[in-house]
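Data block below; observations after.
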Amino acid sequence: MTITSLLPGRLGLGTAPLGSMFRDVSDEEAAATVDAAWDHGIRYYDTAPFYGAGLAEIRLGDALAGRPRDSYVLSTKVGRVILDEVEDPAARELGEKGGLFEHGRPNKLVHDWTADATKRSIEDSLQRLRTDRLDIVWVHDVAQDFHGDEWLAVYESARTGAFRVLQQLRDEGVIKAWGLGVNRVEPIELTLDLDEPKPDAFLLAGRYTLLDHDRALQRLLPTAADQGVSLVVGGPYSSGILAGGTHFEYQDAPAHIIEKVARIKELAERHGVSVKAAALQFSLAHPAAAAVIPGATRPSRIAEDVAALDETIPAAFWAELREAGLVSPLAPLPTA
């Protein structure tokens, strides 16, 4: 089964914000957001133990409880095991993402991509999600943004541990697909070069957006397309800056990014286009892109995402965006 045939649509829900990313999100707000996604026909939900130390998984599981399990697709990730003992969430060592989930649960996070940890992580996720099975499992964050110069050693641990476990589970029919879920292109490029094991797809966050796509277009996306491996695009709003927020790469946006967004916004307003629509439709225009999974913590954002995907954008907007040097000449552009 290909990831494209597995996914129920081109728009899913990313649940990192439900782990109280950036701010303290209430249980009620989280539940209302998932309900809104369901009511708008979204049937693909992506989560991870990392998001609030299990908080996003718990909230997603509660919100989906009672829904027919065969009616939606669920993915989570491996690479972190959540313990009962507690720690200061703000003091966790998370590379470039320090303090990201300081409003989440205080449970201790253990970074571990070995075979045993992968199996335990899956069992724990099943309990938090209140389900008997997972459809897709991503190997989470084996990249430079969390591990710096040590990332290749972490990747090797995952290759000999998590990769093999997930391939076996896929071959046995326990899960339907597996791949990497990362914020950098290099781990995916390495994996595409492997003879074995072979993943089904990848989740790439923040690296195929209006603001950041050059590196992905150089080698990763052409190779993925050649191999028939699809991509789920995470973080299409670049941590929120393309949706009216102030964050880029999970931190306060730097001046040059704010300036670039202002140029895109000015052009979009001139053509009567919403920046959200431009962001989502750009990320989906590449033939390797199977789906896009923006995150949200307010029900109203779901309606905006659905409308953005359906919005008609004139070809003149994309042409002017290209002429202004705001998108790569290599990037496929949406067609009406």
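Remarks
- Here the contact order of region 52-172, divided by its residue count and restricted to Cα pairs under 8 Å and six or more residues apart, works out to 33 percent.
- Hull volume in cubic angstrom per residue (convex hull over the Cα atoms of region 128-195): 98
- Solvent-accessible area per residue for region 23-119 (1.4 angstrom probe, square angstrom): 39
- Percent of C-alpha pairs per 10 Å bin, the chain, short to long: 6, 27, 37, 24, 6, 0
- Paramagnetic reach from residue 35 (point 7 Å along Cα→Cβ, amide N under 13 Å) across region 281-306: 299-300
- Cα gyration tensor shape for region 206-336, rounded if a/c is under 1.5, else prolate or oblate: rounded
- Placed amide H near residue 73: partners under 5 Å, 5+ positions off or other chain: 44, 45
- Using the Karplus relation 6.51 cos²θ - 1.76 cosθ + 1.60 with θ = phi - 60°, the per-residue 3J(HN,Hα) values for region 223-228 come to 5, 4, 5, 4, 8, x Hz, with x marking Gly and Pro.
- A DSSP coil position with no more than 13 other Cβ atoms inside 10 Å describes the following trypsin sites (Lys or Arg not before Pro) in region 5-80: 23.
- Shown for the chain: lysine pairs separated by 8 or more places, or found on different chains, whose C-alpha atoms are under 19 Å apart, numbering 12.
- Taking the convex hull of the alpha carbon positions in region 32-141 and averaging its projected area over all directions gives 7.0 nm².
- With the convex hull constructed from alpha-carbon coordinates only, region 156-225 shows a mean projected area of 4.8 nm² over all directions.
- Solvent-accessible area of residue 103, all protein chains in place: 80 Å² (probe radius 1.4 Å, heavy atoms, ligands and nucleic acids excluded).
- Gap separating the Cα centres of region 167-238 and region 128-160, nearest whole Å: 12
- Percent accessible area from carbon and sulfur atoms, region 1-142, protein chains only, probe 1.4 Å: 48
- Distance histogram for region 98-149 (every C-alpha pair counted, 5 angstrom bins, percent rounded to whole numbers): 4, 14, 21, 24, 24, 10, 3, 0
- Among 90-99, 143-152, 236-245, the peptide with the highest mean count of other Cβ atoms within 10 Å heads the list, and the full ranking is 236-245, 143-152, 90-99.
- Cα-based shape type of region 293-336, given that a ≥ b ≥ c are square roots of the gyration tensor eigenvalues and the cut on a/c is 1.5: prolate
- Prolate/oblate/rounded label for region 79-193 (Cα gyration tensor, a/c 1.5): oblate
- Pairwise centroid distance, computed over Cα atoms, of region 287-301 with region 31-108, Å: 15
- Rounded to 0.05, the FRET efficiency of the residue 195 and residue 300 pair, given R0 = 30 Å and the Cβ-Cβ distance, is 0.05.
- Accessible area of region 233-329 belonging to carbon and sulfur atoms, whole % at 1.4 Å probe: 55
- Dividing the helix sum by the residues of the chain, where each DSSP H run of 4 or more adds -39500 (n - 2.57), gives a mean residue ellipticity at 222 nm of -11000 deg cm²/dmol.
- Quotient of the Cα radius of gyration of region 120-267 and 2.2 N^0.38 Å, N being its number of residues: 1.15.
- The phi-based Karplus calculation (6.51 cos²θ - 1.76 cosθ + 1.60; θ = phi - 60°) puts the 3J(HN,Hα) values of region 95-110 at x, 6, 10, x, x, 4, 10, 5, 9, x, 5, x, 4, 5, 9, 10 Hz, whole numbers, x for Gly and Pro.
The values are calculated or read from the model by the stated rules, or taken from the named source; none is laboratory data. These figures come from a predicted structure and were not determined experimentally. Every residue, glycine among them, receives a Cβ derived from its backbone with ideal geometry; neighbour counts consider all protein chains shown. These accessible areas exclude ligands, DNA and RNA; they are computed on the full protein's heavy atoms, side chains included. Shrake-Rupley method; radii C 1.70, N 1.55, O 1.52, S 1.80 Å.
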